[in-house]
Structure formats: C-alpha cells, structure tokens
1. What are the semi-axes of the equivalent ellipsoid for the chain, taken as the square roots of 5 times the Cα gyration tensor eigenvalues, largest first, in whole Å?
2. Scan around Tyr152 for amide H atoms under 5 Å from its own, H built in the peptide plane at 1.01 Å from N, and keep only partners 5 or more places away or cross-chain.
3. Go through Lys106/Lys126; Lys2/Lys136; Lys7/Lys65 and tell me which ones have a Cα-Cα distance over 25 Å in this structure.
4. In sequence order, what are the phi-derived ³J(HN,Hα) couplings for region 17-30 according to the Karplus relation 6.51 cos²θ - 1.76 cosθ + 1.60 with θ = phi - 60°, rounded to whole Hz, with x for glycine and proline?
5. Below 8 Å between Cα atoms, with a sequence gap of 6+, how large is the relative contact order for the chain in percent?
6. Could you check how many percent of all C-alpha pairs in region 14-82 are farther apart than 17 Å?
7. Among residues other than Asn35 whose Cβ falls under 13 Å from its Cβ, what is the net charge (Lys/Arg +1, Asp/Glu -1)?
8. Between Glu31 and Tyr83, 0.36 nm times their residue separation minus their Cα-Cα distance comes to what?
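What follows draws every value from the coordinates through simple rules; no lab data is involved. Because the structure is a prediction, the values reported are computed rather than measured. Note that each Cβ is placed from the backbone with ideal geometry, even for glycine, and that neighbours are counted across all protein chains shown.
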Amino acid sequence: MKDNYDKLVRYHEFPDTVTTLNLAIGNFNGEVDMNVETANFGMSSSILEPGSHLISYPKITFDKKERVPIRRLDDLAVNRSLYNVLVVDVQGYELEVFKGAVETLKGIDVIFTEVNTGEVYKGCAKLPELDAFLGKGGFRRHHCHVYKGLDYGDAIYIRDGR
C-alpha cells in the first residue's frame with residue numbers, strides 16, 4: 001500500500017544490499033484490489049476480504065480498497081542464491097504466494113509462514129492445504145502455533161533431507 005511503503009522508506013535507512021519493492025506478491029502478474037484497514041496501521045489489510053477477522057477484532061474495519069501491483073515471486077529479478085529462508089505473512093494469501101514461487105522454493109530450506117485454521121479471510125487456504133502444497137515441494141511442517149481462541153497462527157516448514 002502506497003502510504004505504508006512511503007513511511008517505510010521515509011523513516012528507515014536501508015543499506016545498499018536491501019531492495020524495497022512496493023507491490024503485493026501472489027500467483028500472477030498484474031494488479032489487484034487490496035482491502036485496506038487503518039485502525040491496525042494497515043497490518044490486517046489483505047487481498048482477501050475479511051472473514052472471522054471481523055468477529056475476532058471488531059474495532060478493525062476495512063474502510064477502502066486500493067489498487068496495487070502484484071507479482072509472482074518467481075518473476076522478480078533477485079539473486080535467489082543469496083537466500084535459503086522465506087518468511088510469508090500476507091493475511092490469508094500465503095498459498096497464492098507459494099503458487100507463484102515454485103522455482104524460488106527450490107532454493108529455500110526453511111519457511112516461516114502465517115497459517116489459518118479457519119476462515120479468517122474469505123477463501124484463505126487452511127493449514128492442511130499449505131501442508132499438501134508445500135509437501136509436494138519437499139517441505140514438512142515442523143512446528144505450528146495457533147493462537148488460543150483464534151483461527152490463525154504461525155508455522156515453520158523445513159525441507160526434508162537438508
């Protein structure tokens with residue numbers, strides 16, 4: 001989102017080795033609508049519409065949509081040989097990020113990702129779907145923590161044999 005990205009680059013100095021990109025990551029290249037909230041500094045904003053999130057956090061409302069560029073991770077011009085860990089926290093859109101990163105995942109050893117056990121965002125992938133997709137790529141879930149009383153948490157996947 002433009003406002004959050006502008007604040008990021010305005011208030012932080014990044015070394016030359018860090019590249020920032022103002023775009024969403026998913027399974028296609030183009031543009032997409034982002035469901036934007038401001039009560040939580042935009043941290044709950046998502047490409048997906050809110051589901052049980054509205055019940056769990058009634059003070060966080062999604063007040064507008066913002067058209068944003070979206071790219072597949074596989075199509076970004078980065079030196080993938082420098083990285084073996086991938087962190088993904090995209091408010092229910094995690095599986096779509098992985099679908100657009102099949103080639104990138106071949107060089108990854110560890111994935112730390114947010115996971116959903118319920119419909120936190122409408123149409124979000126649930127934990128078994130992530131297990132199945134990442135399992136096909138040689139990853140196994142080694143740890144998962146779902147927050148008490150909520151339908152989401154975090155998981156660590158490690159590539160088998162590494």
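1. On the way: eigenvalues 119, 97, 40 Å².
Equivalent ellipsoid semi-axes, largest first: 24, 22, 14 Å.
2. Close amide H contacts, sequence-distant or interchain: Thr117, Tyr147.
3. Working: Lys106/Lys126 22 Å; Lys2/Lys136 35 Å; Lys7/Lys65 19 Å.
Lys2/Lys136, as the Cα separations exceed 25 Å there.
4. Listing the rounded values in order: 7, 9, 10, 10, 10, 9, 7, 8, 10, x, 10, 7, 10, x Hz.
5. Details: 294 pairs, mean separation 33.3, N = 162.
Relative contact order for the chain comes out at 21 percent.
6. Numbers: 1252 of 2346 pairs.
Tail of P(r) above 17 Å: 53 percent of Cα pairs.
7. Values: positive: Lys64, Lys65, Arg67, Lys122; negative: Asp33, Glu37, Glu49, Asp63, Glu66.
Local net charge: -1.
8. Values: separation 52, 0.36 × 52 = 18.72 nm, distance 2.66 nm.
Net length gain for the segment: 16.1 nm.
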